[in-house]
Every structure is written in C-alpha cells, then in structure tokens.
Amino acid sequence: MKFITIDKNTWTNGIDKSRERYQLFGPVNDENGCQIKKLDPDVQPDMEYYESVMSAKSVLFPQTEKILTASLNEADEDHHIMKRAENDYSPRAVIGIRPYDAKAITLVKLNFDTQAFQEPYWCDAYESTVFVGLGITRPGPFDFSTSVGTGPFCEEGLDILLADLDDKYLAKILTPKGDAYAEACGFDATADENEAQALFDILRKEAEKNIASCVTTDKIKEKTILELHQADFWDDLAFSCINCGTCTYVCPTCWCFDIQDEARQKHANRFRNWDTCMSPLFTRHATGHNPRGTKVQRVRQRFMHKLKYFLDKYDQGIMCVGCGRCVKSCPVNIDIREVCNMMNAYEKQD
Ligand code: SF4
Ligand code: SF4
C-alpha cells in the first residue's frame, strides 16, 4: 500500500494541474448549502466542508440525463431511429467525497452493473471517474454509518483516501486509478507505510468514537417478506408522511428514475430523470391502475426495498450507508433508524 503526504501549500497547484487531464467535481457552497458539483476552472473544492446536502450520486447518475436522440426529419436516412446521445465520458475526479458516499456507489453498482446487464450511461461514467475521499473527523449527529458496514474512514469504493492533518494531507492510494490521479497532480512525496497506517488507525478510532447513533439489522434477514409486509407499524409510520420525496432525492443509494420523451420541431430526445417511489405517479400504469396507490404502500415500499428486499437479493447488507441525510431532511421527522430497529425487532403476532 502506498501513502503520500501533500503539503497544503502545494494542494491548489496540484489540483489545478490535474485539470489538464480530468474534469473535477467537489464540494461547493451555494445558496442551498454545500453540494457536490462540477467545479468551474477557477473554483477549488471546499475541503473544510462539514456535510453536503446532496451526495455525489449525480456525478454518475445526473438528475436529468439525455440518453437517446433521434431525427424526426423524414429527409434524413436515419429518421425516427433512436441513437445513444453523445455524452462526455472523459476522465473525471470527485475530490473530497465522503467515505459513506463512496460506499453508496458500490451498492448502486450492484443494480446498474450486473452480470446480465450493464446500464451503459452509469457504467461509462463510473469507469471514467476517480474517487478521492476525505475522511470524516467530526461525524454529524445523524451519522450512523459504523452500524451499517461503513464509517468515517471506510475505504470501500474509493481510489484515494485523504486524512486532514492541518498543514498537510496524508493520502492512502488504494487503486491504480488513484495512483494515476496523484501522479496527474504531481503529488509524489512518499510517506512511511507503517507510520502512515498507524495514523489512519488512530484517526479512524477517534472519529468512530464520536458516532453515537446506530441501527440493528441482524434479525431482518430471518423474517419473511410477508411477515414484515403485514407488520402493524406501517399505518402509524405513513400517517405523517407527505410523500414529498426528499428522503429519496438526498439518499446516495436511491436510484429510481422515470423516462420522458420530448419532441421539438424535427428532433426528439429521450431523458432519464430522477423519480421517487414516494410519488403516486411513479407506479401508475397507463391503464390508470396503481399497484401502490396508497401512501402506506409507498412508505412501506421505500423501507422494505432498502432494509429487506436489497438485503435478501444481494446479501451485501442493507441499502443504506448511514449518512443520516434522510433523517435530517424529512419535514415530518420520519427516521429510518427507528424503522430499521422496528423491523429488526418485529415479532409476528398470532
Ligand atoms: S422526506 Fe419524510 S415526508 Fe417526505 S417522502 Fe420522505 S418520509 Fe415522507
Ligand atoms: S436511507 Fe437515509 S441514512 Fe441511509 S443512505 Fe439513504 S439518506 Fe443516508
């Protein structure tokens, strides 16, 4: 394993140097709080940020993405034939991504990149991206990442993990992609491996000590879907939900989408847009029938998908990395930690 140190006086120059070969994304403060966005040429990633409102999922899965395009001009030989839209998949780097958000990308990958099918837009974006993580030294009050298989210094899904040591960064290079990015920045001051790893271990333990929140998931797998489906708490839980969808948009592991076609003059485009299982329209069929027409069905679906169906299907834990965004953002205080613990503790009544 390779470690390097990066003097903060050389950081900005290094990041700027990497722009010759990479498009950069990173934390930026705007009027809506901190977001992970594409960085304009004169903008540096805000490495002092505390939490981002949205995760980095839009780097691979934009809120709106043109996926197909067609000419409607009958004079064109290929009119009315849908073709893949041209998107830019040149190398990109996400600087300062939080470890739980990188882990979330590995969970989303289970859905978009399977043996049977590779979703081309997501997979091409994934292949072109290097993830430069920033360890969390001050976990937020809603963070329960350590109880769901990730944590403030988790390395899964990252190519480089950075630790902030005030006047410098200590970087753990985790993959060849990460090595290539460090080289593009000109960061090459090698650190002693044993000392560097010991420092990472200390920082990780210190940060983990500050995570007070947790969930328990060990008994969910042994319960049947039907048992949990019929549990008595869904009505109470759904009562206050206003189906705003906020919890799904802020979630780094949610991937529901909708397809929209737009035709203008002699041209047509097909777009993929984020959607939410909390919306009644998401499942309404063309016939008008809606298999999840009631609020309680939709609320149950969200939690069953994250905490039961995903767990059963992939055997990789629950579909949640414990970032706490949905807990913090829900306007009516619906809390996935409570739901998870209720599902785990649920015993069927005879
Ligand atoms: S954020 Fe809260 S109110 Fe909005 S859809 Fe999610 S659970 Fe319901
Ligand atoms: S379900 Fe909530 S806590 Fe879990 S990853 Fe999504 S937003 Fe974060």
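Reducing the range 1-53 and the range 150-168 to their Cα centroids gives an inter-centroid distance of 14 Å. Since only Gly26, His80, Gly135 are under comparison, the one whose Cα sits farthest along the positive direction of the charge dipole of the chain, derived from C-beta charges on Lys, Arg, Asp and Glu, is His80.
Computed on protein heavy atoms with a 1.4 Å probe, the accessible areas place Glu193, Glu222 in the order Glu222, Glu193, largest first. Counting only protein heavy atoms and a 1.4 Å probe, tell me what percentage of the range 225-345's accessible area is made up of carbon and sulfur. Solvent-exposed carbon and sulfur of the range 225-345 make up 51 percent of the total. Largest first, the residues Leu203, Leu107 sort by 1.4 Å accessible area into Leu203, Leu107. Using heavy atoms of the protein chains and a probe of 1.4 Å, the accessible area assigned to His285 is about 90 Å². Element breakdown for the range 38-162 at a 1.4 angstrom probe: carbon and sulfur atoms account for 49% of the accessible area. Ligands, DNA and RNA aside, Trp122 has an accessible area near 10 Å² when probed at 1.4 Å.
Accessible surface of Glu119, taken over heavy atoms with a 1.4 Å probe and every protein chain present, rounds to 20 Å². Dipole size of the chain about its Cα centre, with +1 on Lys/Arg Cβ and -1 on Asp/Glu Cβ: approximately 980 debye, rounded to the nearest 20. The mean accessible area for residues of the chain, using a 1.4 Å probe and ignoring ligands and nucleic acids, is 49 Å² per residue. Take the cross-link list Lys109/Lys308; Lys17/Lys37; Lys223/Lys313; Lys177/Lys313; Lys308/Lys348 and give me the ones stretching past 25 Å between alpha-carbons. Beyond 25 Å between Cα atoms: Lys177/Lys313. Cross-link pairs exceeding 21 Å between alpha carbons, from the set Lys57/Lys103; Lys2/Lys209; Lys38/Lys328: Lys2/Lys209; Lys38/Lys328. Phi angles of the range 108-121 translate, via the Karplus equation with coefficients 6.51, -1.76, 1.60 and θ = phi - 60°, into HN-Hα couplings of 5, 4, 4, 8, 8, 9, 10, 5, 7, 8, 10, 6, x, 5 Hz per residue; Gly and Pro are given as x. Secondary structure note: in the range 46-179, about 50% of the DSSP beta bridges are antiparallel. For the pair the range 68-109 and the range 187-207, the centres of their Cα atoms are 37 angstrom apart.
Backbone phi angles across the range 153-158, fed through the Karplus curve with coefficients 6.51, -1.76 and 1.60 (θ = phi - 60°), yield HN-Hα couplings of 10, 5, 9, 4, x, 9 Hz in residue order; Gly and Pro are listed as x. Considering only Ile259, Ile211, Ile36, the Gaussian network model of the chain with Cα springs below 10 Å gives its largest mean-square fluctuation to Ile259.
How much mean residue ellipticity at 222 nm does the chain get from its helices, if each DSSP H run of length 4 or more adds -39500 (n - 2.57) and you divide by all residues, to the nearest 500 deg cm²/dmol? The helix-only estimate for the chain comes to -8500 deg cm²/dmol at 222 nm. Couplings 3J(HN,Hα) for the range 89-105, derived from phi with the Karplus relation 6.51 cos²θ - 1.76 cosθ + 1.60 (θ = phi - 60°), are 10, 5, x, 9, 10, 9, 9, x, 5, 6, x, 5, 6, 5, 4, 4, 5 Hz, where x marks Gly and Pro. Taking 1.567 mPa s as the viscosity and 4 °C as the temperature, the Stokes-Einstein diffusion coefficient of the range 179-327 based on its alpha-carbon Kirkwood radius rounds to 66 µm²/s.
The values are calculated or read from the model by the stated rules, or taken from the named source; none is laboratory data. The structure displayed is predicted, hence computed values, not measured ones. Positions of Cβ are generated from backbone atoms using ideal geometry, with glycine treated the same way; all protein chains shown enter the neighbour counts. Calculation scope for accessible area: heavy atoms of the full protein, side chains included, ligands and nucleic acids excluded. Shrake-Rupley method; radii C 1.70, N 1.55, O 1.52, S 1.80 Å.
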